Structure formats: C-alpha cells, structure tokens
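S.K.: Pasting a structure here, questions to come.
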Amino acid sequence: MGVADIVIKFVLIVIIFAISLVIAMYSTYAERKIAAFFQDRVGPNRAGPWGILQPLADGGKMFLKEEIIPTNASPFLFIAGPSLAILTACIGSAVIPWGQQITIGKYVIPLQVTDINVGILYIFGVVSLGVYGVMIGGWASNNKYSLLGAIRAASQNISYEISMGLSIIALLMVTGTLSLKEIAEQQHGWHWNVLYQPVGFLLFIICAFAETNRTPFDLPECETELVGGYHTEYSSMKLGFYLFAEYINMFISSAVMATLYWGGYNYPGMDWVLAHTGPAIGPLIGTAVMFAKVFLFIFFFMWVRWTIPRFRYDQLMDLGWKILIPLAIANIIVTGLWITFIK
C-alpha cells in the first residue's frame with residue numbers, strides 16, 4: 001500500500017466518521033419533528049429556520065453543562081463507560097460498503113474503509129463490545145438504579161444477539177460468504193436477499209431494535225421504572241456520548257440491514273446509469289441510493305417508537321427466548337432443505 005492509498009483511506013475514515021456524527025446529531029432533530037407530526041405538534045422551531053439549528057444548541061448545552069462525578073463512583077470506569085459506548089458505535093462503519101469504487105484518472109477509490117472476508121463477524125464482535133460500555137457505566141456509578149438498568153441492558157442485548165446471529169446463519173447459507181462487499185455485489189439487479197430470506201430479515205430487524213434499545217425494547221432506560229436507567233448519574237457530554245451512541249448504532253444498524261437484505265448500493269437500472277454517467281459519478285449515485293435506504297430505516301425506527309408502547313420485561317424475554325430463537329432455528333432448517341432439494 002502506497003502513500004496515496006494511505007491518504008485516501010485516512011480521508012475516507014474521516015468522512016465516514018464525520019457523516020456518522022452529523023447523522024446522529026440530526027437524527028435527534030428528525031426524531032423530535034417526527035414525534036411532533038405524529039402527535040399533532042410543531043416540534044423544534046426556535047433555533048434557526050424550522051428549528052434546523054436545534055441540534056447545535058443541544059450540543060452546546062451538553063458541552064457547557066457542569067461535569068459531575070459521584071463521590072463514591074469509580075472515576076476511571078465512570079468515564080470509560082460512555083467512551084467505550086461511543087467508540088464501539090463508531091468503528092462498526094469500517095466494513096460497510098457504501099458504494100462501488102470510484103475511478104478518477106489513475107486513482108481508484110474504494111468506498112469502503114476495509115474489505116475483510118469476515119465482515120459480518122466483525123460487526124457482531126463490535127456489537128458485543130457495546131454491552132461493556134453500558135455495563136461498566138451502570139456499575140461504576142455506584143447507584144443501585146443504574147446497576148439495575150445496566151443488568152437489564154446486558155441481559156437484553158445478550159439474549160437478542162443470539163437470535164440475531166441465528167438469523168444471519170440462514171443468510172450465509174444462501175450467500176456463501178461473510179464479506180459484506182461480496183454480499184452487496186451478489187444482490188446486483190433485483191437479487192436482493194430480502195426476497196430469499198424474508199423471515200431472516202424480520203428476525204434481524206426485531207433484534208436490531210433490541211440491540212439499539214429502541215422502543216418497544218427500551219427497558220434499560222425507561223424513566224418510569226428505573227429513573228434513567230444505566231446513565232442515571234451521568235451529566236454533560238458523558239451523557240451525550242451515551243445518547244449519541246444510540247443514534248450512531250441506529251445508523252449503523254440501518255446500513256447493515258440495507259447491505260445484507262436490501263441490495264446495499266444496488267438499484268434497478270444501475271448498469272444503464274453507470275454506462276451513461278461514467279466511473280466517477282455513477283458510483284456516487286449508488287452511494288446516494290444506499291443512504292436513501294438507510295434514512296428510510298431510520299425513519300422506521302422512529303415511526304415504531306412513537307406508535308408502539310414498550311414491552312414488560314417478562315414479555316421481552318419471552319419474545320427473545322421462546323419465539324425468536326425457535327423461529328430462527330426453523331428458518332435455518334427450511335433454508336437448508338430449500339438449498340438441498342430445490343436450489
């Protein structure tokens with residue numbers, strides 16, 4: 001790898017990191033506007049035209065609030081918890097193919113930070129590490145309510161990671177690869193995996209709601225029961241890191257679902273567009289399509305939040321262990337029979 005390749009990779013990493021933060025920041029604005037629409041309200045409308053500067057005002061408020069660390073808390077772990085949460089949320093974007101490679105003169109720019117042959121395992125490893133950020137934060141606070149919220153979060157995430165992993169196995173049986181780039185390339189045209197694995201996609205999106213602690217799976221931080229959940233004792237930007245991590249996780253989960261099941265950067269008529277726009281502009285159109293799919297999933301996350309009430313904790317565990325896991329195993333068996341006797 002030459003110096004030019006290293007510079008290109010570094011610039012790509014910075015761009016994706018910046019886009020993740022901006023999307024997370026304005027997801028808060030979008031959520032408040034969508035909630036206002038569903039509840040026949042106006043939403044943010046003071047900071048800038050249509051309230052478009054509200055996320056900047058909220059960010060400034062977070063940075064300027066007083067930093068408070070409880071007297072009996074573990075200072076190092078208290079800071080490490082939200083830091084780990086935001087870190088694991090951001091590094092998940094490294095293996096996602098955002099588009100085809102762009103050719104500008106003699107330079108070929110791949111729109112993917114790194115293409116490893118175990119990309120899906122990398123995503124699952126990062127998701128698993130996110131549990132530590134929540135658990136450490138709840139335990140380090142030395143607050144029984146924070147600890148209860150952290151225990152809830154850890155047990156919920158671990159339970160639904162099993163179902164998510166089983167739902168992916170059937171997809172891997174169909175695609176035969178763990179590389180996200182190869183999975184995206186296989187869906188060229190109308191060969192989107194959601195047509196072959198609708199049950200797997202349904203299982204995956206339900207588990208994605210649980211992994212990102214979104215309603216109706218927001219029990220780790222439900223204020224009516226546990227004050228504020230695992231981040232009860234947090235203030236200022238340490239609390240902001242936890243909130244940012246949730247929205248970045250929602251963005252990355254949407255990108256993963258779009259890549260695995262909904263064609264990624266592929267769209268109908270893609271070959272014709274590439275032939276008429278060239279190798280520099282054509283791939284960027286595919287990237288725009290990819291982000292359009294991601295934004296639709298983010299809207300769906302928000303739509304569900306303001307439509308469906310949260311589960312009771314026993315209902316949450318029953319759904320994970322008694323329904324989703326057996327359904328995922330049945331989907332693996334049916335997929336194996338289909339591959340063996342029909343395909």
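S.K.: Could you give the nm distance between label points at residue 128 and residue 333, where each point is 7 Å from its Cα heading toward the beta carbon?
M.R.: 2.7 nm
S.K.: For segment 297-312, take each phi angle, set θ = phi - 60°, evaluate the Karplus expression 6.51 cos²θ - 1.76 cosθ + 1.60, and give the result in whole Hz per residue in order, putting x for glycine and proline.
M.R.: The phi angles translate into 5, 4, 4, 5, 3, 6, 4, 5, 4, 9, 10, 10, x, 6, 6, 6 Hz.
S.K.: Amide H of residue 103: which non-local residues (sequence gap of 5 or more, or other chain) have their own amide H closer than 5 Å, using H built in the peptide plane?
M.R.: Under 5 Å from the amide H of residue 103 lie the amide H atoms of 109, 280, each far enough along the sequence or on another chain.
S.K.: Does segment 229-276 classify as rounded, prolate or oblate by the C-alpha gyration tensor (a ≥ b ≥ c root eigenvalues; a/c under 1.5 gives rounded; else a/b over b/c gives prolate, otherwise oblate)?
M.R.: prolate
S.K.: Please list, in order along segment 181-196, the HN-Hα scalar couplings obtained from phi with the Karplus expression 6.51 cos²θ - 1.76 cosθ + 1.60 (θ = phi - 60°), rounded to whole Hz, x for Gly and Pro.
M.R.: For segment 181-196, the Karplus curve yields 5, 5, 5, 5, 5, 5, 8, 4, x, 9, 8, 6, 5, 5, 6, 9 Hz.
S.K.: By the gyration tensor of its Cα atoms, with a ≥ b ≥ c the square roots of the eigenvalues, what is the shape of segment 44-90: rounded for a/c under 1.5, prolate for a/b over b/c, or oblate?
M.R.: Oblate is the answer for segment 44-90, as a/c is 1.5 or above yet b/c matches or exceeds a/b.
S.K.: So what's the back-of-envelope 222 nm ellipticity for the chain, counting only DSSP H runs of four-plus at -39500 (n - 2.57) apiece and dividing by all residues, rounded to 500?
M.R.: The helix contribution divided over the chain gives -22500 deg cm²/dmol.
S.K.: While we're on this one: Just give me a number: lysine pairs in the chain, eight or more positions apart or cross-chain, with C-alpha atoms less than 22 Å apart.
M.R.: Count of close lysine pairs: 8.
S.K.: Quantify, in whole percent, the carbon and sulfur part of the accessible surface of the chain (1.4 Å probe; protein heavy atoms only).
M.R.: Its accessible area is 72 percent carbon and sulfur atoms.
S.K.: What is the distance in Å between the Cα centres of segment 272-343 and segment 63-118?
M.R.: Here the answer is 22 Å between Cα centres.
S.K.: What are the equivalent ellipsoid semi-axes of the chain, built from the alpha-carbon gyration tensor (square roots of five times its eigenvalues), in whole angstrom, biggest first?
M.R.: In descending order, the three semi-axes are 33, 26, 20 Å.
S.K.: Sticking with this structure for a sec: Along its principal axes, what span do the Cα atoms of segment 109-206 show, with the longest given first and each in whole Å?
M.R.: 53, 34, 17
S.K.: So for each of 53-59, 119-125, 12-18, 248-254 I average, over its residues, the number of other beta carbons within 10 Å; can you give me the resulting order with the highest mean first?
M.R.: Going from most to least packed, we get 248-254, 119-125, 53-59, 12-18.
S.K.: Still on this structure: Hey, what do the phi angles of segment 79-94 turn into as Karplus ³J(HN,Hα) couplings, whole Hz, using 6.51/-1.76/1.60 and θ = phi - 60°, x for Gly and Pro?
M.R.: Each residue of segment 79-94 in turn: 7, 5, x, x, 5, 5, 4, 6, 5, 5, 5, 7, 6, x, 7, 5 Hz.
S.K.: Can you bin segment 233-340 into rounded, prolate or oblate? Criterion: square roots of the alpha carbon gyration tensor eigenvalues sorted a ≥ b ≥ c, rounded for a/c under 1.5, prolate for a/b above b/c, oblate for the rest.
M.R.: oblate
S.K.: Choose one answer from 200, 269, 137: the residue with the largest mean-square fluctuation in a GNM of the chain with alpha-carbon springs under 10 Å.
M.R.: Among 200, 269, 137, the largest GNM mean-square fluctuation belongs to 269.
S.K.: Of all GluC sites (Glu not before Pro) in segment 11-75, which ones are in loop regions per DSSP and have a Cβ with at most 13 other Cβ atoms within 10 Å?
M.R.: When the GluC sites (Glu not before Pro) of segment 11-75 are filtered for loop state and at most 13 Cβ neighbours within 10 Å, 66, 67 remain.
The values are calculated or read from the model by the stated rules, or taken from the named source; none is laboratory data. Computed from a predicted model, the values in this text were never measured in an experiment. Glycine also receives a Cβ, built like all others from the backbone with ideal geometry; neighbour counts cover every protein chain displayed. Just the protein is used for accessible areas: all its heavy atoms, side chains included, with ligands, DNA and RNA removed. Shrake-Rupley method; radii C 1.70, N 1.55, O 1.52, S 1.80 Å.
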